[in-house]
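*Asks:* Shown below is the structure under consideration.
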Amino acid sequence: MHKVLVLHGPNLNLLGTRQPEIYGRETLADIDDALRAKAADHGWAIECRQSNHEGELIDAIHAARLDGTGAIIINPAAYTHTSVAILDALNAFDGRVIEVHLSNVHKRESFRHHSYVSLRADGVIAGLGSRGYHAALEAVMGGG
Ligand code: DQA
């Protein structure tokens, strides 16, 4: 069975109440439940994880190298703009990598315009809210 890992970075556990004018009113559980349903419809296994800790995100990427995961959909949140370590971990993963941001980071503060993860990502989606995760999942399941 094909397997995809969805990784959410710091503060995304607060979705729904965190700056809803930027990030929307859906909770992370809402988003993950919808992604799980979509993956199941297509016969894909999916694991959704959130962590506020850089090392835990890296450990999850390392685990994905060994457990048959074919693709990682990642919203690294603030680590997008700071983490060479997450970039290095993703560089050691052989499958597809899609980077997702709920907000359009390019319309925001200049420190959000640079992404280390984009140096590895096969695709980048920003500004579509939770639809971005769905687009990423569809791309992965469609082989793109
Ligand atoms: C974010 C954008 C980041 O700049 C920010 O630090 C986040 C969320 C997004 O989904 O729009 O926490 O990745």
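The values are calculated or read from the model by the stated rules, or taken from the named source; none is laboratory data. Note that the structure is predicted; figures quoted are calculated from it, not measured. So basically every Cβ, Gly included, is an ideal-geometry build from the backbone, and we count neighbours across all protein chains shown. Calculation scope for accessible area: heavy atoms of the full protein, side chains included, ligands and nucleic acids excluded. Shrake-Rupley method; radii C 1.70, N 1.55, O 1.52, S 1.80 Å.
*Asks:* Residues with beta-carbon under 14 Å from that of Asn52, excluding Asn52: net charge, scoring Lys, Arg +1 and Asp, Glu -1?
*Replies:* Details: positive: Arg18, Arg49; negative: Glu54, Glu56, Asp59.
For residues surrounding Asn52, the net value is -1.
*Asks:* Got the relative contact order for region 5-113 handy, in percent, Cα pairs under 8 Å and 6 or more residues apart? Before the final figure, lay out the partial values.
*Replies:* Working: 138 pairs, mean separation 35.7, N = 109.
Value for region 5-113: 33 percent.
*Asks:* For the chain, what is the accessible area per residue in Å², given a 1.4 Å probe and the full set of protein chains?
*Replies:* Details: 6930 Å² over 144 residues.
Per-residue accessible area for the chain comes out at 48 Å².
*Asks:* Express the Stokes-Einstein translational diffusion coefficient of region 29-102 in µm² s⁻¹, to the nearest whole number, given a Kirkwood radius over alpha-carbon pairs, 10 °C and a viscosity of 1.306 mPa s. Provide the component values of the computation, followed by the final result.
*Replies:* Working: Rh = 13.1 Å.
Once the numbers are plugged in, D ends up at 122 µm²/s.
*Asks:* A further question on this structure: Going 7 Å from the Cα of Asp122 toward and past its Cβ, which residues in region 73-111 have a backbone nitrogen under 19 Å from where you end up?
*Replies:* It comes to 73-76, 87-101, nothing else.
*Asks:* With only alpha-carbon atoms counted, please give the Rg and Dmax of the chain, in Å.
*Replies:* Spelled out, the Cα radius of gyration and Dmax of the chain are 13.9, 41 Å.
*Asks:* In what order, largest first, do Phe93, Phe111 sit by accessible area if the probe radius is 1.4 Å? Let's see the in-between values first.
*Replies:* Details: Phe93 5, Phe111 120 Å².
So the residues, ranked largest to smallest area, are Phe111, Phe93.
*Asks:* Could you compute how fast region 93-144 diffuses translationally, taking Rh as the Kirkwood radius over C-alpha pairs and applying Stokes-Einstein at 10 °C with viscosity 1.306 mPa s? Give it in µm² per second. Write down the numbers at each step before the final one.
*Replies:* Numbers: Rh = 11.5 Å.
The Stokes-Einstein estimate is 138 µm²/s.
*Asks:* While we're on this one: Nearest 500 deg cm²/dmol is fine: what mean residue ellipticity at 222 nm does the chain get from its DSSP H runs of n ≥ 4 alone, each adding -39,500 (n - 2.57), divided by its residue count? Write down the numbers at each step before the final one.
*Replies:* On the way: 5 runs with 50 residues, N = 144.
After summing the helix terms and dividing by the residues of the chain, the value is -10000 deg cm²/dmol.
*Asks:* Sum up the charges of everything whose Cβ sits under 10 Å from the Cβ of Gly16, counting Lys and Arg as +1 and Asp and Glu as -1, but leave Gly16 out. Walk me through the numbers before you get to the answer.
*Replies:* On the way: positive: Arg18, Arg25; negative: Glu26, Asp30.
Net local charge, Gly16 excluded: 0.
*Asks:* Still on this model: Could you order peptides 117-130, 68-81 by the average number of other Cβ atoms within 10 Å of their residues, highest first? Spell out each step's value before the answer.
*Replies:* Working: 117-130: 17.2, 68-81: 21.7.
Result, highest mean first: 68-81, 117-130.
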